[in-house]
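All remarks here apply to the structure that follows.
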């Protein structure tokens with residue numbers, strides 16, 4: 001029971017404090033509603049935030065969004081993070097969205113490996129059985145009355161992950177109620193059979209056009225809620241706009257809007273999605289009386305004095321405690337406790353004195369308790385877990401509106417694990433994350449490292465409240481800020497580059513930034529090298545006099561053959577340290593710090609470069625420029641003002657991925673770029689989507705007509721054919737062969753050119769299995785004295801991943817004569 005309580009707190013207790021009178025009133029209605037719904041899709045931002053809002057705030061049922069993946073394979077329009085770091089960002093964008101729309105958030109362990117063209121590919125790559133098991137577990141744990149799929153189970157879904165989510169949901173609908181499926185789960189959960197499974201579809205353009213020839217119910221989602229002072233469409237738009245990394249900022253509509261829930265499995269609904277489902281307290285053994293009691297609380301609720309409802313809610317709380325054990329008992333005790341605290345204006349909090357502390361170190365905890373009601377509230381004790389010192393305060397009355405504060409001195413155990421997202425603690429397996437702790441299965445994040453449990457009496461009724469302990473401080477420009485409390489290594493080591501390229505066997509200086517997390521410290525830093533590689537010196541001593549101090553150390557590395565991994569190691573009398581420090585900071589989500597292994601990919605690369613002076617227009621999530629610097633290019637970043645200067649000094653200008661989609665000034669600079677080409681420059685444009693800013697069309701991207709389609713090759717190992725083997729692009733200054741297309745990650749490319757003028761030349765052809773050849777991944781044309789190149793090849797992924805052939809190919813594109 002304690003484990004369940006802690007995990008429920010992760011979702012519910014964040015909403016305990018600071019509720020206004022209207023929110024409390026709606027919370028009372030929710031407390032009097034006993035029903036659960038699960039929404040299922042593939043990625044963050046697939047969910048229909050409007051339907052989730054309507055379910056949670058209009059129907060007032062407990063609503064969860066279950067995403068198959070964390071969106072690791074998606075693009076990042078706000079920064080340079082890729083892969084699992086994008087997934088971490090998108091996880092927290094979902095959590096921020098759920099705070100607004102009222103839902104909860106869960107995941108499977110499946111990895112988003114990029115665009116998938118078929119259901120079978122997605123299920124094969126993920127390993128269907130384990131991902132299905134994850135979903136069945138959460139259905140049995142959450143016990144939804146209704147499951148809602150975002151997508152159909154076929155090609156209409158438009159993405160293999162999308163259709164796979166529907167296929168898995170349909171199978172899990174039956175498996176969750178079958179005791180022969182995953183019987184080992186039944187030690188923790190019980191079999192559960194939802195009433196129905198439906199598909200959330202809608203009319204084109206979100207019109208009220210109903211599906212033809214199918215059994216469905218209509219759900220009116222655009223209603224205005226006068227208690228909240230907003231329409232559900234307005235709330236949903238704010239939630240949807242949290243998906244900033246994907247560019248999904250949404251303007252609210254203020255009009256009627258209907259979606260449709262098409263029957264898939266179970267008992268068909270006739271008029272309402274909850275037809276035949278009792279979502280009142282009558283469904284719970286002994287619950288009818290509680291429903292009556294809550295009816296009286298709601299009827300007598302005083303918006304001007306919510307505290308008047310506390311005595312009656314305490315009786316409801318006691319009545320729920322006396323019910324037989326069930327998911328509804330657990331859930332409703334949490335909701336009722338939160339409402340009692342909200343009505344009483346009770347505020348309880350424990351914060352740390354520092355954002356990050358290393359194992360074995362001392363820490364102060366600041367405790368605050370305020371009772372802002374006239375009711376008698378007694379604090380019996382505060383119990384701290386996750387630390388060696390477990391201080392308890394006993395028998396303290398909380399007078400009206402007088403802050404009670406204490407400072408607790410605690411110590412982290414030496415064995416305290418370093419803070420790390422639980423699904424990133426071990427190297428992922430093919431298609432899925434490896435979970436070292438199955439207790440966290442499906443959760444968005446693990447519970448906080450330190451937990452505080454308050455033992456209280458409210459008008460003589462005992463109750464407990466458990467809260468994760470966080471770090472809090474005041475930022476002058478933003479006000480009060482909360483951050484995760486972290487257990488941080490005392491020594492962290494970051495290579496200055498994640499990929500280090502050694503051109504043609506030459507020695508290179510390799511820098512490691514050493515970061516300290518103690519008030520004073522020292523360590524010996526060395527490199528672990530691949531066989532045949534050497535470094536001088538063997539080790540470097542470094543000392544620190546203050547916390548958060550950083551110092552660089554340098555090694556001269558002589559490369560061996562091929563590709564390898566360099567590892568940085570710090571060592572002192574307390575142990576060895578092999579973790580880096582990576583910070584992810586955006587204002588719309590909490591600050592996220594993670595501690596990956598301190599290593600860098602090292603490449604002894606045979607690459608010849610020319611035309612060293614490059615102008616670069618940054619795109620979205622773009623690390624191409626820093627990769628070019630690695631092989632000796634002099635890169636100047638161009639903005640709206642610099643583009644108007646003398647461009648002739650650049651031997652090539654490169655436009656980053658989706659720059660035309662994210663920079664409104666770039667379209668207005670198109671004439672300047674084409675003039676640059678006409679006068680003898682090389683312009684290389686990487687992949688763009690059709691959603692252009694400004695006055696130009698996609699057909700005007702180059703000097704001659706061309707169009708961008710949605711063509712892509714998702715198999716990173718797909719055969720690449722050379723249409724014109726003797727073309728300069730494939731021969732100067734580097735001879736490009738099939739070897740250069742080995743080791744690619746996630747995909748070959750995306751958003752290929754679809755149609756183009758015969759003035760363009762193509763050099764490569766590729767396809768996914770079972771499809772026709774595509775030639776639009778790379779094309780170029782002579783224009784005046786210069787050259788225009790367009791490529792949909794995913795160089796933006798390959799270069800940061802250290803793919804040797806990608807470096808050789810882009811060097812040729814830059815050097816085109």
Based on a Kirkwood Rh over C-alpha pairs, give the Stokes-Einstein translational diffusion coefficient of region 286-336 at 20 °C and viscosity 1.002 mPa s in µm²/s.
-> 188 µm²/s
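Run the numbers for residue 817 and residue 378: contour at 0.36 nm per residue of separation, minus the present Cα-Cα distance, in nm. Display every interim value, and only then the final one.
Values: separation 439, 0.36 × 439 = 158.04 nm, distance 8.12 nm.
Result for the pair: 149.9 nm of gain on full extension.
Using the alpha carbons of region 694-817, what is the convex hull volume per residue in cubic angstrom, as a whole number? Don't skip to the answer; put the middle values down first.
Values: hull volume 13.8 nm³, N = 124.
Spelled out: Cα convex hull of region 694-817, divided by residues, is 112 Å³.
Dividing the alpha-carbon Rg of region 491-604 by 2.2 N^0.38 Å yields what? Could you put the intermediate results ahead of the total?
Details: Rg = 14.9 Å, N = 114, 2.2 N^0.38 = 13.3 Å.
Here the answer is 1.12, to two decimals.
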Measure nothing fancy, just the Cα-based angle from helix 128-142's long axis to the longest principal axis of the chain, in degrees from 0 to 90, nearest 10.
-> 30 degrees
Interatomic Cα distance distribution for region 29-155, bins of 10 angstrom, percent | 13, 41, 34, 11, 1
For region 344-482, the Cα-Cα pair-distance distribution in 10 Å bins from 0, as whole percents, is 11, 33, 30, 19, 6, 1
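So for region 609-814: antiparallel DSSP bridges make up what percent, rounded to the nearest 5?
Working: 17 of 33 bridges.
Restricted to region 609-814, the bridges split so that about 50 percent are antiparallel.
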Computed over region 478-551: relative contact order in percent, which uses C-alpha pairs under 8 Å that are six or more apart | 31 percent
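Can you give the percent of C-alpha pairs in region 402-468 whose distance is more than 20 Å? Could you put the intermediate results ahead of the total?
Values: 1159 of 2211 pairs.
Tail of the P(r) past 20 Å holds 52 percent of the pairs.
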Multiply the residue separation of residue 464 and residue 634 by 0.36 nm, subtract the distance between their alpha-carbon atoms, and state the gained length in nm to one decimal.
-> 55.0 nm
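Can you tell me the relative contact order of region 379-503? Whole percent, Cα pairs under 8 Å, sequence separation 6 or more. Could the numbers behind the result be given before it?
Details: 160 pairs, mean separation 28.4, N = 125.
It rounds to 23 percent for region 379-503.
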Residue 731 and residue 296 label points (each 7 Å along its Cα→Cβ direction) are spaced in nm at 9.3 nm
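Expressed as cubic angstrom per residue, what is the convex hull volume of the alpha carbon set of region 36-276? Before the final figure, lay out each step's value.
Working: hull volume 30.0 nm³, N = 241.
Looking at region 36-276, the number lands at 125 Å³ per residue.
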When the distances between all Cα atoms of region 777-817 are binned every 5 Å from zero, what whole-number percent does each bin get?
-> 6, 22, 29, 21, 13, 7, 3, 0
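To check you understand DSSP bridge types, tell me what percent of the beta bridges within the chain (both residues inside) are antiparallel, rounded to 5.
Working: 109 of 153 bridges.
So the antiparallel bridges in the chain amount to around 70 percent.
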Could you state the per residue volume, in Å³, of the convex hull enclosing the Cα atoms of region 313-388?
-> 147 Å³
For the chain, evaluate the Debye formula with one uniform point scatterer on each Cα (no solvent term) and list log10 I(q)/I(0) at q = 0.07, 0.08, 0.11 Å⁻¹, rounded to two decimals.
-> -0.62, -0.80, -1.35
Compactness ratio of region 733-775: Cα Rg over 2.2 N^0.38 Å, N = residue count?
-> 1.37
Using only Cα atoms, find the angle between the long axis of helix 327-343 and the longest principal axis of the chain, and express it within 0 to 90 degrees, rounded to the nearest 10.
-> 80 degrees
Cut-off 20 Å (backbone N to label point 7 Å along Cα→Cβ of residue 679), residues of region 762-794 = 782-789
Taking only C-alpha pairs under 8 Å that are 6+ residues apart, what is the relative contact order of the chain in percent?
-> 9 percent
Once Rh is set to the Kirkwood radius over Cα pairs, what Stokes-Einstein translational diffusion coefficient, in µm²/s, holds for region 275-359 at a temperature of 37 °C and a viscosity of 0.692 mPa s?
-> 221 µm²/s
Return one quarter of the surface area of the convex hull spanned by the alpha-carbon atoms of region 436-525, equal to its mean projected area, in nm².
-> 13.2 nm²
Which part of region 525-552 falls in the paramagnetic zone of residue 507, meaning amide N under 12 Å from the point 7 Å along Cα-to-beta-carbon?
-> 534-537
To the nearest 10 degrees, how steeply does helix 288-300 sit against the main Cα axis of the chain, on a 0 to 90 scale?
-> 80 degrees
Report the Stokes-Einstein translational diffusion coefficient (µm² s⁻¹, integer) for region 84-219, Rh taken as the Kirkwood radius over Cα pairs, at 20 °C with viscosity 1.002 mPa s.
-> 130 µm²/s
On the first, second and third principal axes, largest extent first, how far apart are the outermost C-alpha atoms of region 355-419 in Å?
-> 44, 21, 16
Between residue 524 and residue 120, what FRET efficiency follows from the Cβ-Cβ distance if R0 is 60 Å, with the result rounded to 0.05?
-> 0.70
Compute the semi-axes of the equivalent ellipsoid of region 609-814, taking the square root of 5 times each eigenvalue of the Cα gyration tensor, and list them largest first in whole Å.
-> 24, 19, 16
Would you mind computing, in nm to one decimal, how far apart the modelled labels at residue 478 and residue 541 are, each placed 7 Å from Cα along Cα→Cβ?
-> 4.1 nm
Counting only Cα, what are the radius of gyration and maximum Cα-Cα distance Dmax of region 528-593, in Å?
-> 16.0, 46
Rg/Rh over Cα atoms for region 134-284, Kirkwood Rh, comes to 1.00
Ranked from highest to lowest mean number of other Cβ atoms within 10 Å per residue, what is the order of the peptides 23-32, 316-325?
-> 23-32, 316-325
Label-point gap, in nm, between residue 646 and residue 691 - each point 7 angstrom along Cα→Cβ = 4.0 nm
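We did not get these values from a lab; they are worked out from the coordinates using the rules stated. Just so it is clear, the model here is predicted, and its values are computed rather than measured. Glycine also receives a Cβ, built like all others from the backbone with ideal geometry; neighbour counts cover every protein chain displayed.
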